[in-house]
Structure formats: structure tokens, C-alpha cells
Amino acid sequence: HPERKLFNKAEAAAAEELNSYIYPTVNNGVYRCGFARTQEAYVRAHAELFASLDRLEALLAKSGKAFLTGSEFRWIDLRLYMTLVRFDPVYVVYFKTSHKRLADFPHLL
């Protein structure tokens, strides 16, 4: 789909700000939970993961938009999608990220 533009200069700053917490606490956060070597590391990663999911849920609810930086699908949405699509069937089961299911975040669905 060559008409699809994943990078938009006007939304770059907003996407980078989102990325500053999506990658470390969501994308990598599920792995930090699953491979934590101590209970304290697991608890910290788990808390950060669900705080970020709550933050993203609130952002989408407040904006009323379908995507993180506006009305178009962008790279930051793709980055988040790659984790969310595996969240309930993989990460909840194997990495014990079971505080809430993705279904409990209606705007992230």
C-alpha cells in the first residue's frame, strides 16, 4: 500500500514522546515481566506495564481518535500493535502479565 505513510513529520514529536515509554514499558515491559530474575524486578516491570497501558487507554479515550497520534495509522501504532496482538494469548499465559486482559482496555482494542 504505497499510499500509506507510516511517518508524518507533523506528528514526529508526539510519536517520539509516546515511544519514550511504549518501548521500555510495553514492548520490552512484557519481556521484563517474563524474564525477571527477582520478584522485585517482576513487580516493577508489571506495574510499569499496566501504568503505561492505562495511560494509553486514557489517551485514546480522551482524544476520541482511533490511533495514537491522530486519525491515521502510523509507525507508533504499529509498534504498539505488535505487542498488543500477542498480549492475551501469549504474554498473559507465559509471562504472567495477567493483571488485566487486553479486553479490559476497550480503546486499545
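Here are the numbers:
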| quantity | calculated |
| --- | --- |
| Flag for Leu84 being within 13 Å of the chain's Cα centre (by Cα), in a helix (DSSP H, G or I) and within 13 Å of Ser52 (Cβ to Cβ) | yes |
| In the stretch 64-77, the residues that are of a type in the set (D, E, K, R) and surrounded by 17 or more Cβ atoms within 10 Å (Cβ to Cβ) | Arg74, Asp77 |
| Every pair of residues 6+ apart whose Cβ atoms lie under 8 Å, when the first sits in the stretch 95-109 and is on the phi > 0 side of the Ramachandran plot while the second is hydrophobic (A, V, I, L, M, F, W, C) and at pLDDT 95 or above | Lys96/Cys33 |
| The listed residue being touching a residue at least 24 places away in the same chain (Cβ under 8 Å) and part of a helix (DSSP H, G or I), out of Val90, Val26 | Val26 |
| Considering residues of the stretch 42-81 that are closer than 21 Å to Ala103 by Cβ and of a type in the set (Gly, Ala, Ser) only, the residue nearest to the chain's Cα centre (by Cα) | Ser52 |
| Ala15 being in contact (Cβ under 8 Å) with a residue 40 or more places away in the chain, aliphatic (A, V, I, L, M), in contact with a Ser or Thr (Cβ under 9 Å, 6 or more places away or on another chain) and more than 14 Å from Leu109 (Cα to Cα) | yes |
| Residues of the stretch 82-109 classified as in contact with a Gly (Cβ under 8 Å, 6 or more places away or on another chain), of a type outside the set (Val, Ile, Thr) and open to solvent by less than 90 Å² (accessible area, probe 1.4 Å), total | 2 |
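Rundown of residues vs (1) at pLDDT below 95; (2) open to solvent by 30 Å² or more (accessible area, probe 1.4 Å); (3) closer than 26 Å to Val93 by Cβ; (4) charged (D, E, K, R), yes/no style:
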{"residue": "Arg4", "(1), (2), (3), (4)": "yes, yes, no, yes"}
{"residue": "Glu16", "(1), (2), (3), (4)": "no, yes, no, yes"}
{"residue": "Arg32", "(1), (2), (3), (4)": "no, yes, yes, yes"}
{"residue": "Glu40", "(1), (2), (3), (4)": "no, yes, yes, yes"}
{"residue": "Phe50", "(1), (2), (3), (4)": "no, no, yes, no"}
{"residue": "Leu53", "(1), (2), (3), (4)": "no, no, yes, no"}
{"residue": "Leu56", "(1), (2), (3), (4)": "no, no, yes, no"}
{"residue": "Lys62", "(1), (2), (3), (4)": "no, yes, no, yes"}
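The values are calculated or read from the model by the stated rules, or taken from the named source; none is laboratory data. Quick caveat, the model's predicted, so the values are computed rather than measured. All Cβ positions, even for glycine, are placed from backbone atoms using ideal geometry, and neighbour counts span all protein chains on display. Just so you know, the surface numbers come from the protein's heavy atoms only, side chains and all, with ligands and any DNA or RNA stripped out. Shrake-Rupley method; radii C 1.70, N 1.55, O 1.52, S 1.80 Å.
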